[in-house]
Amino acid sequence: MFGLFKKKRQENQFVAMLAFDHATYAGTVAELFETMDPATRAHVLVAYENLVPLLSAMWSAGKKQGEEVTVEVFIPLVAEKLDAAQGDEIGSRRWSWFLFASLLGRLEKLSRDNPAIAETGAKIWCAIADDAPRLKGLLPRNVVWKPEEKEWFDLSMADEKLIEWTINHAMPPMFAKLESVKAFAQSRALFYWPSKSRIGIIP
C-alpha cells in the first residue's frame with residue numbers, strides 16, 4: 001500500500017480525485033478501501049478520529065482570519081506532507097493514513113445530500129469497524145501515533161465492543177443510521193445505538 005506514494009506523479013493522482021464527479025469519487029474511494037490491507041484500515045480509523053478535531057480547529061482559526069479551510073483544502077496539504085516524508089517510514093505511514101482519512105472525510109461531506117454515496121460510505125465504514133479490533137495488537141507498541149492520539153480507544157474492550165464503539169461513536173451518524181449498517185450490526189448480534197451528537201467533518 002505504501003508503495004503507492006513513492007512517486008510524486010502517483011501521489012498527485014489522489015489530489016486529482018478532487019476534480020472527479022461525486023459518483024466517480026465515491027467509487028474510487030470505495031475501491032481504495034476495498035483493496036487496502038486490514039491493518040491500514042484500522043490505522044485510518046485512528047487517523048479519522050484525530051482528523052475531526054484537527055479540521056475543526058483549522059476551520060475555526062481560518063474563519064477568524066477570513067480564510068476558508070475545507071477538507072478539499074486540507075487534502076493537498078497532507079499530500080505535500082507525504083511527499084516531503086519520503087524516506088521517512090514513520091512520516092510516510094502517518095501522512096498516508098491521514099491522507100486516506102481525509103479522502104474518507106470528503107466522502108462524508110459529499111454524502112450529506114446524496115443517498116447513493118452515503119451507502120458507499122456506509123459499506124466502507126462497516127469494513128473499518130470489522131478491522132477495529134486489530135488495534136488491540138497494533139496500537140500499544142506503535143510509534144507513529146502519539147500517546148494522546150491513541151486515547152480515543154479503550155483497548156481493554158472485547159473485540160465485539162470495539163466494533164460496537166466504531167459503529168455507534170466513531171462512524172459518522174449519516175452512515176451509521178442507514179439500514180445497511182443496522183443490518184451489519186444485527187448480523188453480528190452487536191448493540192446498535194448510533195450517536196447523534198458526533199461532530200462531523202467541517203465543510
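Read the figures in this text as sums done on the coordinates, not as results from a lab. Remember, it's a predicted structure, so these values are computed and weren't measured experimentally. Every residue, glycine among them, receives a Cβ derived from its backbone with ideal geometry; neighbour counts consider all protein chains shown.
Per-residue packing, averaged as other Cβ atoms within 10 Å, sorts the ranges 39-52, 127-140 into the order 39-52, 127-140, beginning with the highest. For residue 114 and residue 39, compute 0.36 nm times the residue count separating them, minus their Cα-Cα distance, and round to one decimal in nm. Value of the extension gain: 24.1 nm. Along its three principal directions, the equivalent ellipsoid of region 26-71 from the Cα gyration tensor extends over semi-axes of 29, 13, 5 Å, largest first. Distance between the pseudo-spin-label points of residue 23 and residue 169 (7 Å out from Cα toward the beta carbon): 3.8 nm.
Put a dot 7 Å past the Cα of residue 151, heading toward its Cβ, do the same for residue 191, and the two dots end up 2.3 nm apart.
For the residues 106, 188, 94, a GNM of the chain with alpha-carbon springs under 10 Å puts the largest fluctuation on 188.
Shape call for region 116-186 from the C-alpha gyration tensor, a ≥ b ≥ c root eigenvalues: rounded (a/c under 1.5), prolate (a/b greater than b/c) or oblate? It is prolate, given that a/c is not under 1.5 and a/b is the larger ratio.
The alpha carbon centroids of region 22-83 and region 104-173 are separated by 14 Å. Using a/c under 1.5 as the rounded threshold, could you call region 44-159 rounded, prolate or oblate? The axes a ≥ b ≥ c are square roots of the C-alpha gyration tensor eigenvalues, and prolate needs a/b larger than b/c, oblate otherwise. It is oblate, given that a/c is not under 1.5 and a/b is not larger than b/c. For region 2-187, a simple Cβ point-charge model (Lys and Arg +1, Asp and Glu -1, everything else neutral) yields a dipole of about 300 debye relative to the Cα centre. Helix-only arithmetic for the chain: the sum of -39500 (n - 2.57) across DSSP H runs with n ≥ 4, divided by the residue total, places the mean residue ellipticity at 222 nm at -20000 deg cm²/dmol.
Scaling against 2.2 N^0.38 Å puts the C-alpha radius of gyration of the chain at 0.98.
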